[in-house]
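Working notes for the structure below.
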Amino acid sequence: MIKQASLNLLRVSGAFDLMRLAHRRHALILTYHRFSSGGGVANGWAPSWPTWPTWPACVDKTPAKVFAEQLEYLTRRYNVVPLSRLAESIGRREQAPARLAAITIDDGYRDAYEIAYPLLRRFGAPATLFVPPDFIDRRAWIWTDKARFLTRRAVSQRLAIKIGGQELRLDLDDHSSRRDAAARVNATLKRISEEVKEEAIERLARACGVVLPQTPPDEFGPIAWAEAREMQAHGLEIGSHTLTHPVLTRVGDERLRSELQESRSRLEEVLRRRIDQFCYPNGDHDERVRAEVARAGYRVAVTCAGGLNKRGDDPLTLRRIHAERDLAHFAKSACGLEGLKSKMYRTFRTFRTDL
């Protein structure tokens, strides 16, 4: 409570304005995943650790009221532009324009159309939506939702399962514990190969006593292609998020090329527009993956690494700020103060280690 009050005081006192001024030539890219129609703080989630976070294994939904507050904050203080324009600006030799910001939304859930899209139009804010075509075609789930679906419906209140050599003992007493169980399962699944992952999800379904549908139910459902075309016609960019949303560092070369090339081809076929923006699922990438992204013809790619972007940064490994939090935390991260804290924290830890 004290920390929250301190953040609110910093926000209203203008401290964040000074940091934003200091970082005015650094470009801000925000990312969202899911949205809800409710109000209030984004599920009360606010990190307590002094570092740029990557997003949690169980992604919270951003309430419409919170998203509207953040859009109002952004459009009053930043030049909100399409991601393509932001990437082009920081790629030039000359100094980038001041106060650039771009909004990105990952995965293409239906609430991006039903909740986020009307608010983006209200505030006149462009955005980029990254989608896996097989999800939009209802041929595949966003695989992290499978664990959420299964743990919510599990018959037992306790279960144990071995995944990737790790024994997980899951408590399923109530909504909170089931949500935590799904997050633990997903965090473990992200560290294993795609083939082993699918087998582990099948075993989890049997252990939960739940039949996993072939296609995601409405609560985990995607936008439709007609909605994607509508959003594109009103200024939203559409980018690739692979074909089926695997963790690319966990797939072989052939699957990697297929995910990148087929996704782009399907999007261009349906949307009748060149697709050259990409988002790494889970943010995971390495030199092999980055090289294939470039070879597949993508010009811009975003990661899950936290931070701002400056002139000369690699356009295929752009950093983003995870925006699903209350306004004070949002303002702190957006202005660059969170990054400064993280840098100071790492320096302090290095200093202690050297003692």
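A short reminder: the numbers here are calculations on the coordinates, not readings from a lab. Just so you know, these numbers come straight off a predicted model, no measurement behind them. Every residue, glycine among them, receives a Cβ derived from its backbone with ideal geometry; neighbour counts consider all protein chains shown.
A few remarks follow.
- Measure of compaction for segment 267-329 (Cα Rg per 2.2 N^0.38 Å): 1.29
- Over segment 171-254, Cα pairs under 8 Å with separation of 6+ residues give a relative contact order of 33 percent.
- Distance between modelled label sites at Y73 and R25, nm, 7 Å Cα→Cβ extension: 2.6 nm
- With contacts taken as Cα pairs under 8 Å and at least 6 residues apart, segment 192-325 reaches a relative contact order of 19 percent.
- Of interest is the spacing of the C-alpha centroids, which for segment 95-121 and segment 202-268 amounts to 19 Å.
- Value in Å of the Kirkwood radius, where segment 203-328 supplies the Cα pairs that are averaged: 16.6 Å
- Report note on the peptides 196-202, 145-151: ranked by the mean count of other C-beta atoms within 10 Å, highest first, their order is 145-151, 196-202.
- Å³ per residue enclosed by the Cα convex hull of segment 107-181: 142 Å³
- Computed over every Cα-Cα pair of segment 77-230 and binned at 10 Å starting from 0, the pair-distance distribution P(r) comes out as 10, 30, 25, 21, 12, 2, 0 percent.
- The calculated P(r) of segment 127-170, using every Cα pair and 10 Å bins from 0, goes 21, 37, 24, 16, 1 in percent.
- With 28 Å as the limit, the listed pairs K310/K332; K61/K197; K162/K332; K61/K332; K146/K332 have K162/K332; K146/K332 beyond it between alpha carbons.
- Between the beta carbons of H175 and D284, assuming R0 = 25 Å, the FRET efficiency works out to 0.30 to the nearest 0.05.
- Kirkwood estimate for segment 143-195, i.e. one over the average of 1/r between Cα atoms, Å: 11.1 Å
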